[in-house]
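Participant: Below is one structure. I have some questions about it.
Laboratory data are not the source of any read-out in this text; all were calculated from the coordinates shown. Since we're looking at a predicted model, the values are computed, not measured. Glycine gets a Cβ as well: all are built from the backbone with ideal geometry, and neighbour counts include every protein chain shown.
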Amino acid sequence: MTPSEPLAFRMRPRTLDEFIGQEHLLAPGKPLRTAIEADRIGSMILWGPPGSGKTTLAHVIAKMTGSDFVFFSAVLSGIKDVREAVERAQKRKAFDGGRTILFVDEIHRFNKAQQDAFLPHVESGVLTLIGATTENPSFEVNNALLSRTAVHQLQMLTEQDLIEILRMALTDTDRGLGEQNIRADDSELGLIAALSNGDARRSLSILEVAAEDISQRPEDERVLTADLIRSIVQRKTEFYDKSGEEHFNLISALHKSLRGSDPDAALYWLYRMIESGEDPMYLARRMVRFAVEDIGLADPRALTIALAAKDAYHFLGSPEGDLALAEAAVYMAAAPKSNAIYKAEKLTKQVIRENPSLPVPLWIRNAVTRLMQRVGYGRGYQYPHDHDSAVVNQEYLPDPLVGQRWYHPTDRGLEERIAARLEEWRRIKSDLRTRNESSDSQSGPEGH
């Protein structure tokens, strides 16, 4: 290694004992470590956030198992490169029986056909595949490949992990910055760690830039300070991918905070997404959806406010329009909740799937021609406005569905009043039905 190589590359661990973090996988006695030390590794997917050690671990595995390491970028490589890598692995195996580890960085960026190209060679043992991804493999790796690999989830490195990595880089005279005699307290290293969001590569990059500045000073002034660190890192970069799993994690947190009636948590997750670069109109759309799905008629004003927030943001833009989204989020978190409309939708659709073609009752069909009138369209229809309370004893569902209910209002918010009103209307209809039945019985055969 040469000083011209990045510090993060130079400080890459060479053995499992040098590996910092991921004790749940690599501590002595853990299954993955045991398999590596016994040279019994199979194809695997390493899933974890940036800078958590996926590429480094693959290098360590290759070195400890004496395997040929072939680096493969899903961004830059294609099917042709897969074939060349396979041919290389076949020649190596035929020559001395050696193993080839094909490391595929960002394997989630391969399409299904590209992922399928690995399958026969993984199954035949020509190569051992190690895929690295920041995305949930359940969604990004096809099932056939997933079923033939073990998935190991790497955790975001802790601040203490990063401080230990930075301290090693500062003291290592062979690969690190040890010869520069830079002094740093744990508080300054902790600041770098905090600004790196669990990313070892980013931590070492910040330290390297700082060291370049400090190394120009007299040796007794080579001190790492918080001001220098902040001048290098103007703003903490959030770990966020608008098209990846973290996007769905955060929007799920926002949605569940709203549903759980916690306005403070709702504001936190809302602004986490806004500050991370999420499209505010996406957040507006989600709150419109929430207003109808989780509040519904318990407070119909929630939908009005969500739509108004969308329009306000569209009119004002950021940062002024962000406040309209915050107002909507707080309102919805504080609003009474009901998913009665959402449940009614599900039940209604289910009934329609089971009974897709039930005929419309004749009395509520519109008789627009004389023929329709003659065959009974509209006959017997009662116009509610001509009756007391605008309620009539009339069925509007097809016969097989009469009496079924799908909308069950809650006792929260406005729905409590809606429930009482519907119950009153059902009572009136029942009274009318009883009167009609009594009238029919009195005007039976004896009365004609």
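Participant: Under a straight-distance cross-link criterion of Cα-Cα below 17 Å, which aspartates and glutamates are reachable from LYS346, leaving out those fewer than 8 residues away in the same chain?
Facilitator: Hits, sequence-local ones excluded: GLU293, ASP294, GLU354.
Participant: Using the beta-carbon distance between GLN350 and GLN216 and R0 = 60 Å, what value does 1/(1 + (r/R0)^6) give for FRET efficiency, to the nearest 0.05?
Facilitator: Numbers: r = 72 Å, r/R0 = 1.21.
Plugging the Cβ-Cβ distance into 1/(1 + (r/R0)^6) gives 0.25.
Participant: Return the FRET efficiency for the residue pair TRP406, ARG379: r is the Cβ-Cβ distance, R0 is 45 Å, and the value is rounded to the nearest 0.05.
Facilitator: Calculated transfer efficiency: 0.95.
Participant: Using only Cα atoms and rounding to the nearest 10 degrees, what angle (0 to 90) does helix 340-354 make with the longest principal axis of the chain?
Facilitator: Taking the Cα atoms of the chain, the angle to 340-354 is about 80 degrees.
Participant: Measuring from a point 7 Å past the Cα of ASP311 along Cα-to-C-beta, which residues in segment 244-279 have an amide N at less than 16 Å?
Facilitator: none
Participant: If the chain between ASP262 and ASP81 were fully stretched, how many nm would it gain, using 0.36 nm times the residue separation less the Cα-Cα distance?
Facilitator: On the way: separation 181, 0.36 × 181 = 65.16 nm, distance 5.13 nm.
Working it through step by step, the gained length comes to 60.0 nm.
Participant: A further question follows. Please arrange SER257, SER147 by how many other C-beta atoms lie within 10 Å of their C-beta, fewest to most.
Facilitator: On the way: SER257 21, SER147 9.
So the residues, fewest neighbours to most, are SER147, SER257.
Participant: Oh, and also: Rounded to the nearest 500 deg cm²/dmol, what is the calculated helix-only ellipticity per residue at 222 nm for the chain, with -39500 (n - 2.57) per DSSP H run of length n ≥ 4?
Facilitator: -15000 deg cm²/dmol
Participant: Hey, another quick one. I need the Kirkwood Rh of segment 245-334: take the reciprocal of the average 1/r across all distinct C-alpha pairs and report it in angstrom. The partial results should precede the final answer.
Facilitator: Numbers: mean 1/r = 0.0798 Å⁻¹.
The answer is 12.5 Å.
Participant: Here's a follow-up. By how many degrees, 0 to 90 and rounded to 10, does the Cα axis of helix 280-290 deviate from the longest principal axis of the chain?
Facilitator: Compared with the principal axis, the helix lies near 40 degrees.
Participant: Among the lysines, which have Cα under 25 Å from the Cα of LYS93 when same-chain residues fewer than 8 positions away are ignored?
Facilitator: Straight-distance partners of LYS93: LYS63, LYS80.
Participant: A further question follows. Which angle from 0 to 90°, rounded to the nearest 10, does the C-alpha axis of helix 301-316 make with the longest principal axis of the chain?
Facilitator: 50 degrees
Participant: Taking 0.36 nm per intervening residue step and subtracting the Cα-Cα distance, what contour gain separates GLN180 from ASP279 on full extension?
Facilitator: That works out to 31.2 nm of additional length.
Participant: A further question on this structure: Per 10 Å bin, what is the whole-percent P(r) computed from every C-alpha pair distance within segment 159-232?
Facilitator: Binned Cα distances yield the sequence 22, 60, 18, 0.
Participant: Binning every alpha carbon pair distance of segment 309-420 at 10 Å from zero, what are the percents per bin?
Facilitator: The percentages, shortest bin first, are 11, 21, 26, 19, 15, 6, 0.
Participant: A follow-up question, please. Roughly what would the spin-label model give for PHE139 and ASN111, points 7 Å off Cα along C-beta, in nm?
Facilitator: 2.1 nm
Participant: Would you tally the net charge around ASP172, using a Cβ to Cβ cut-off of less than 14 Å, leaving ASP172 out, and scoring K and R as +1, D and E as -1? The partial results should precede the final answer.
Facilitator: Details: positive: ARG10, ARG12, ARG14, ARG167, ARG175; negative: GLU5, GLU18, GLU164, ASP174, GLU179, GLU208.
Net local charge, ASP172 excluded: -1.
Participant: Exactly which chymotrypsin sites (Phe, Trp or Tyr not before Pro) in segment 244-276 are in a DSSP loop and have at most 16 other Cβ atoms within 10 Å?
Facilitator: Numbers: sites: PHE248, TYR268, TRP269, TYR271; in loops: none.
Taking segment 244-276 and a limit of 16 other Cβ atoms within 10 Å, no loop chymotrypsin sites (Phe, Trp or Tyr not before Pro) are found.
Participant: Another one. So between TYR342 and SER438, what do we pick up on full extension, going 0.36 nm a residue minus the alpha carbon distance?
Facilitator: Numbers: separation 96, 0.36 × 96 = 34.56 nm, distance 3.94 nm.
So the chain would gain 30.6 nm between TYR342 and SER438.
Participant: Going by average Cβ neighbours within 10 Å, how do the peptides 49-58, 29-38 rank, with the highest at the top?
Facilitator: Details: 49-58: 22.5, 29-38: 13.5.
The most tightly packed comes first, giving 49-58, 29-38.
Participant: If you average 1/r over every pair of different alpha-carbon atoms in the chain and take one over that average, what Kirkwood value in Å do you get? Intermediate results must be reported in sequence, preceding the final value.
Facilitator: Values: mean 1/r = 0.0354 Å⁻¹.
Across the chain, the inverse of the average 1/r is 28.3 Å.
Participant: With an 8 Å Cα cut-off and a minimum separation of 6 or more residues, compute the relative contact order for the chain in percent.
Facilitator: On the way: 590 pairs, mean separation 48.7, N = 448.
Relative contact order, the chain: 11 percent.
Participant: When the convex hull of the Cα atoms of segment 364-441 is projected onto a plane and the area is averaged over all directions, what value comes out in nm²? Don't skip to the answer; put the middle values down first.
Facilitator: Details: hull surface 29.1 nm².
For segment 364-441, averaging the hull's shadow over all directions gives 7.3 nm².
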